[in-house]
Amino acid sequence: MKEKIKGSAADLIIYVFAFAVGLIPFTFIENVFAATAAYTAAATAVIYAFTVVMKDVSVYDPYWSVAPPVLLLSMMIKYGLWNVNSVILFSVVLIWSARLTLNWFITYKGVGREDWRYAQYREKYPPLVFQLISFVGLQFVPTAVVYAGLTPVLLASQRTEFSALSLFGAAVSLCAVWLEFVSDRAIHGFLREHKGENRTCDVSVWKYSRHPNYLGEMSFWCGLYIYFVFLCPEIWYKGLGFLSIIILFLSVSIPMMEKHNAQRRPDYEEYKAKTSMLLILPNKKPKKYEISAGAVVYMKTGGKIKYVIIESVGGVHGFPKGHIEPGETEEEAALREIREEVGLEVELCDGFRVVEEHPLPEKPGVTKRVVYFLTKYEDQDIVYQRSEIADAGLYTFNEAMALFEYESTRRILREADYCRRCRRNHKGFIKSF
């Protein structure tokens, strides 16, 4: 808690300074849109400088929620825009900001505890490339997107006339904030109760949507546009900047979170199969599965890495695998199947788990799910089970890739080989429908 208080106090000082710097161009520019744009750009530049000095991009995280009410209040004061529309819209944005900033504070861990997404970029790219990504992609693009989302508010706040229909837009935005609040409470409670279990949150609204918080966020900005379009229907096209926020969530935030959850949570694919991605909808009818476990098996011989590839009696090449017996774990089943099919005692390599799914033509409505691990062995001969396997042997990576009939099998080997070479954890999901 001490680190959280210390870090948030440091962030507060940084943000006060950043907004003070932003006020300089804001004060001297007359056009409301240009002045507000210069304000937020200057403040973002200052915050970026601090992220470089402190080596922590997460310093920027609260900007999404803190900047809008600051920008709107500054605009109202400078231009004297104290009308019913500006007051209503500022109040709605302030409520949204308070909720989102509170959620940031709850999850905040202190200076130097970067979000996993930033840490991935920092590890993956050289320092200069990372700073370019940070400056443009992680900070200025979100700033520009938020500014674009605020455009309907900037336009509507300059109108003195009032349309009662606009209140519908305000109601949509407030309902969206409530949805985000409910989502936050549910997932925070779930994570406290199941700490360390890597389980997927499937309670409250999360039972019906995989991303109810993102749904709420997108709906909030849609509500602001609805308010504007009822008030200013003749210039409806000038407020379409909010669509950039929708695009950002659909093309970046949600796919990234989907991939992250699939890698970290073993039950995520099952949850994904029955739960709507975004909209709150009844759960889909659960699929029927036949579940098997197997492994990519390798050894080093003659200075080369070779993989154990089997050929089924049907002439299909792949890896040792078979059904999971009652009471067995996935890992136990994989090791047993390897022992039975190719006569090898192998060692399980930590950090690799890939799930492959495909339909069973002979069993309509049933999906075959195979969980693959990575294993290795030394100084043993392959003795394959002739009743079920036509052939088995050792092949280099390129030889094996040429043998496989299906792209899904090639992908499994490709990912296993990468995991072996780079010694990085890897969890994935492959569909071959």
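How many residues does the range 192-211 contain that are under 19 Å from residue 178 (Cα atoms) and of a type in the set (Val, Ile, Thr)?
2
In the range 73-100, what residues are surrounded by 16 or more Cβ atoms within 10 Å (Cβ to Cβ) and aromatic (Phe, Trp, Tyr)?
If the condition is that a residue be surrounded by 16 or more Cβ atoms within 10 Å (Cβ to Cβ) and aromatic (Phe, Trp, Tyr), then 90, 96 are the ones that fit.
Across the range 251-276, which residue is farthest from residue 115 (Cα to Cα) among those that are of a type in the set (A, V, I, L, M, F, W, C) and surrounded by 15 or more Cβ atoms within 10 Å (Cβ to Cβ)? Spell out the reasoning first.
The first filter runs over the range 251-276 and keeps only residues of a type in the set (A, V, I, L, M, F, W, C), leaving 252, 254, 256-257, 262, 273.
Then drop every residue that is not surrounded by 15 or more Cβ atoms within 10 Å (Cβ to Cβ), which leaves 254, 257, 262, 273.
Working: 254: 16, 257: 12, 262: 18, 273: 27 Å.
The qualifying residue farthest from residue 115 (Cα to Cα) is 273.
Is it the case, given these coordinates, that residue 154 is open to solvent by 20 Å² or more (accessible area, probe 1.4 Å) and either assigned to a helix (DSSP H, G or I) or of a type in the set (S, T, N, Q) (or both)?
Considered against the rule, which asks whether it is open to solvent by 20 Å² or more (accessible area, probe 1.4 Å) and either assigned to a helix (DSSP H, G or I) or of a type in the set (S, T, N, Q) (or both), residue 154 comes out as no.
Which pairs turn up if I take residues in the range 224-252 that are of a type in the set (D, E, K, R) and look for partners that are buried (at least 19 other Cβ atoms within 10 Å of the Cβ) and not in a helix (DSSP H, G or I) with beta carbon separation below 7 Å, at least 6 apart in sequence or on another chain?
Listed by first residue and then by second, the contacts come to nothing, as the list is empty.
For the range 229-239, indicate whether the set of residues that are closer than 14 Å to residue 174 by Cα and either open to solvent by 20 Å² or more (accessible area, probe 1.4 Å) or not hydroxyl-bearing (Ser, Thr, Tyr) (or both) is non-empty.
Scanning the range 229-239 turns up no residue that is closer than 14 Å to residue 174 by Cα and either open to solvent by 20 Å² or more (accessible area, probe 1.4 Å) or not hydroxyl-bearing (Ser, Thr, Tyr) (or both).
Filter the strands (runs of 3 or more DSSP E) completely within the range 287-399 down to those with at least 2 residues that are open to solvent by less than 60 Å² (accessible area, probe 1.4 Å) and under 30 Å from residue 274 (Cβ atoms). Give the steps one after another, and end with the answer.
Values: elements: 288-301, 304-312, 321-323, 347-359, 366-376, 389-395.
The strands (runs of 3 or more DSSP E) meeting that bar are 288-301, 347-359, 366-376.
Name, by its number, the condition in (1) open to solvent by 80 Å² or more (accessible area, probe 1.4 Å); (2) more than 18 Å from residue 69 (Cβ to Cβ); (3) part of a helix (DSSP H, G or I) that does not hold for residue 195.
So residue 195 meets the others, but not (3).
Within the range 190-234, track down each residue that is of a type in the set (Lys, Arg), over 19 Å from the mean Cα position of the chain (by Cα) and modelled with pLDDT of 95 or more.
Passing the criteria: none in range.
Would you mind stating whether residue 201 is free of Cβ contacts under 8 Å to residues at least 24 places away in the same chain and surrounded by 17 or more Cβ atoms within 10 Å (Cβ to Cβ)? Steps first, answer last, please.
Values: free of Cβ contacts under 8 Å to residues at least 24 places away in the same chain: yes; surrounded by 17 or more Cβ atoms within 10 Å (Cβ to Cβ): yes.
In short, yes.
Applying the selection to the range 24-49, what residues are within 14 Å of residue 77 (Cα to Cα) and small (Gly, Ala, Ser)?
35
Which of the following residues is open to solvent by 60 Å² or more (accessible area, probe 1.4 Å), modelled with pLDDT of 95 or more and assigned to a loop (DSSP other than H, G, I, E, B): 247, 280? Steps first, answer last, please.
Values: 247 fails: assigned to a loop (DSSP other than H, G, I, E, B).
Sole residue among the options that is open to solvent by 60 Å² or more (accessible area, probe 1.4 Å), modelled with pLDDT of 95 or more and assigned to a loop (DSSP other than H, G, I, E, B): 280.
So, of the residues in the range 157-192 that are open to solvent by 50 Å² or more (accessible area, probe 1.4 Å) and polar (S, T, N, Q), which turns out to be farthest from residue 65 (Cα to Cα)?
Here the answer is 160.
The values are calculated or read from the model by the stated rules, or taken from the named source; none is laboratory data. All figures in this text were calculated on a predicted structure; none of them were measured in a lab. With ideal geometry, Cβ positions are generated from the backbone for all residues, glycine too; neighbour counts draw on all protein chains shown. In case anyone asks, the SASA skips ligands and DNA or RNA and just uses the protein heavy atoms, side chains included. Shrake-Rupley method; radii C 1.70, N 1.55, O 1.52, S 1.80 Å.
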